[in-house]
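Quick notes on the structure that follows.
The values are calculated or read from the model by the stated rules, or taken from the named source; none is laboratory data. Please read all numbers here as calculations on a predicted model, not as lab measurements. Glycine also receives a Cβ, built like all others from the backbone with ideal geometry; neighbour counts cover every protein chain displayed.
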Amino acid sequence: MQRKQRIATLAVVMILVLATLAGAETTRKEIHFKVGRRSSISIVNQYGPISVKAGPGKRVMVTATLYSGKVEIDQSKRGNRVSVLSHLLDGADADSGRVDYEVVVPADASVTLHSTTGPLHVEKLHGDVTLEGSTATVDVRDMISAHVHIKTLNGPVTLTNLSDGYVEVTSVSGDVALNAVNGAQVHVNSSSGKIHYDGDFGEAGQYSLTSHSGDIEAIAPSYASIEVVARSVQGRVENDFPLEPEHTSFVARAGSAFAGTVGKAASSVKLLSFSGKIHLKKRQ
Amino acid sequence: MTCEEFERVLPELGSGHSMEQEEHLKTCSTCSDLVADLNAISRQSRLLQGSEEPSPWVWNSIEVALRQEGLIREPQQGQGQSFIHPPRLSWKLRWLVPAAAALLVAFGVLMHQRGTGRAQLADQQSRPVGVVTADLQHSNPADVMGGDDLQLLETVASRTPSMRAAYEANLRAVNAYIRDAEQSANSDPNDEVAQQYLRNAYEQKAMVYEMALDRSLP
């Protein structure tokens, strides 16, 4: 019995020692900047997540968690422009070079995030937002009147609740999902990633969802007001809406292309794929 | 004598200086340094004479370029072949001759390169709209990884070996998009949708290159 207790005690001590050693490698840094209106914030983080949220006041608060001594945080503020960079030291890799960022910025700030692995998360802003990540998952939500530019190689992109925005997404093979996204310009350009749109296409926007081989699915309510053209050179095209024909140079072909209007045709919608399937669905 | 006055007479100076100029040079380090620099350039420029003679096309290019610019004209009948009469220069200014020649050579090379670029552009413009990117078409269609692509992958691999596979897969996807878009655009150059495919495909490729070459990321 005593032996079991001794082993248990020893195990607890070992765990505590290991946790202490592991904790010693983790460093948490907080950096604060005072900025003015429409400030510009740039964060470059090779490995690790960046999460940006809107906060009150005119302050930028950066909380960075570093997991080793092989990475440093470089920071600068020039006028109204803040720059934070994960500076990898020799020998750093995806694990030792990882930094987790949690950032609070003024809602009107312009934010530029670069990361290889991500994920990248931004919410509740209404300035310009530029997000680039090779394999990074990108999640943007609850934005009003924001310009959102996203580029990924194969990182999936999810946009949720973006209204009155200007949205531009380019991804080679990452899937792109837009939920309740509308604005004057909404463009998605993908090669092999799937594109999913679920929204009402707003009132006076131009929507362009194009892919090479990725499928495109657009779901809209029956009250949607759109002028739509859809075409897939090699894929199948389906449409659930009763379309009013219109005079256009676009050649409709059963099963591979359609064009027409729904309601007052307030917004223009282009669904174009080379070999992917296209489906314009009516929301049930 | 002031520095300004000295600089004004500097181009006229021969091998000797007047007393006044000598006095100024003794007391003014700026002007004496300037004269020393000019003398050094003069000496070095003579060595250019021994350098390799440019090929005839360089001179032809210069002549053609100068003719196009209207700086030289065909000799009128009755005049001799030589239509440029070099002015007599003091020896101090002779260093300008090889320097000007060097400049002309550089100008000729530049014009030649621009001419080549224009020729390529004209070649592209003369093709159907969708064929502006025919370089990729000419590469191996089964693989479609051009030399630039391979170089890009090497660059990525040298910085972050683990990212090479991702870039390669995405480059192949983009190249396939370009290939299909080009075929589509070629089959119907007036098809606006086909042009849109092509623009999008190249936008993707540009993005891949931009991301790969972004020095801020591995």
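The set of residues in region A:209-225 being more than 14 Å from chain B (Cβ to nearest Cβ) and within 16 Å of B:Tyr177 (Cα to Cα) consists of A:Asp215 alone. Residues in region B:161-176 that are under 13 Å from B:Leu150 (Cα atoms) and more than 8 Å from chain A (Cβ to nearest Cβ): B:Arg164, B:Ala165, B:Glu168, B:Leu171, B:Arg172, B:Asn175. With respect to the conditions (1) away from every other protein chain (no Cβ under 14 Å); (2) in contact with a Ser or Thr (Cβ under 9 Å, 6 or more places away or on another chain); (3) buried (at least 24 other Cβ atoms within 10 Å of the Cβ); (4) within 22 Å of A:His212 (Cβ to Cβ), A:Thr158 lacks only one, and its number is (3).
Yes or no, residue by residue, for (1) within 21 Å of the chain's Cα centre (by Cα); (2) within 14 Å of chain B (Cβ to nearest Cβ):
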| site | (1), (2) |
| --- | --- |
| A:Lys34 | no, no |
| A:Arg37 | no, no |
| A:Ser42 | yes, yes |
| A:Gly48 | yes, yes |
| A:Ser51 | yes, no |
| A:Ala54 | yes, no |
| A:Lys58 | no, no |
| A:Ala64 | yes, no |
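The set of residues in region A:74-96 that are assigned to a loop (DSSP other than H, G, I, E, B) and within 20 Å of A:Leu131 (Cβ to Cβ) contains only A:Ala94. Please tell me if A:Asp128 is outside the structural domain of A:Val157 (by TED's automatic domain parsing), free of Cβ contacts under 8 Å to residues at least 40 places away in the same chain and over 14 Å from A:Lys29 (Cβ atoms). Taking the combined requirement at face value, the residue satisfies it. Name the residues in region B:167-218 that are without any contact (Cβ under 8 Å) to a residue 24 or more places away in the chain and assigned to a loop (DSSP other than H, G, I, E, B), would you? Across region B:167-218, the qualifying residues are B:Asp188, B:Asn190, B:Asp191, B:Asp214, B:Arg215, B:Ser216, B:Leu217. Of all positions in region A:77-84, none carries a residue that is among the basic types (Lys, Arg) and under 21 Å from A:Ala218 (Cβ atoms). Can you find a residue that is under 14 Å from the mean Cα position of the chain (by Cα), acidic (Asp, Glu) and within 17 Å of A:Val122 (Cβ to Cβ) anywhere in region A:154-166? No, region A:154-166 contains no residue that is under 14 Å from the mean Cα position of the chain (by Cα), acidic (Asp, Glu) and within 17 Å of A:Val122 (Cβ to Cβ). Condition check for A:Ser110 on (1) within 13 Å of chain B (Cβ to nearest Cβ); (2) under 20 Å from A:Glu168 (Cα atoms): one failure, at (1). Among the residues of region A:143-155, the one identified as more than 14 Å from chain B (Cβ to nearest Cβ), under 13 Å from A:Leu131 (Cβ atoms) and not in a strand (DSSP E or B) is A:Ala146.
Only residues that are at the interface with another protein chain (Cβ under 7 Å from one of its Cβ atoms) and over 33 Å from the mean Cα position of the chain (by Cα): list them for region B:177-196, please. The answer is B:Asp180, B:Ser184, B:Val193. Per the listing A:Ser68, A:Ser76, the residue uniquely more than 15 Å from A:Ser115 (Cα to Cα), of a type in the set (Gly, Ala, Ser) and in contact with a helix residue (DSSP H, G or I) (Cβ under 6 Å, 6 or more places away or on another chain) is A:Ser68. Residues that are within 13 Å of chain B (Cβ to nearest Cβ) and of a type outside the set (Ser, Thr, Tyr) were ranked within region A:113-142; the one that is farthest from A:Asn80 (Cα to Cα) is A:Ala136. Checking A:Val188, A:Val228, A:Val237 one by one, the residue that is buried (at least 24 other Cβ atoms within 10 Å of the Cβ) and more than 12 Å from chain B (Cβ to nearest Cβ) is A:Val228 and no other.
Going by the conditions given, is A:Gly174 surrounded by 24 or more Cβ atoms within 10 Å (Cβ to Cβ), within 11 Å of chain B (Cβ to nearest Cβ) and touching a residue at least 40 places away in the same chain (Cβ under 8 Å)? So A:Gly174 does not fit the description; no. Apart from one condition, A:Ile144 fits all of (1) under 17 Å from A:Val167 (Cβ atoms); (2) buried (at least 17 other Cβ atoms within 10 Å of the Cβ); (3) without any contact (Cβ under 8 Å) to a residue 24 or more places away in the chain; the exception is (2).
Inside region A:216-232, residues that are in contact with a Ser or Thr (Cβ under 6 Å, 6 or more places away or on another chain) and closer than 11 Å to A:Ala257 by Cβ make up a count of 1.
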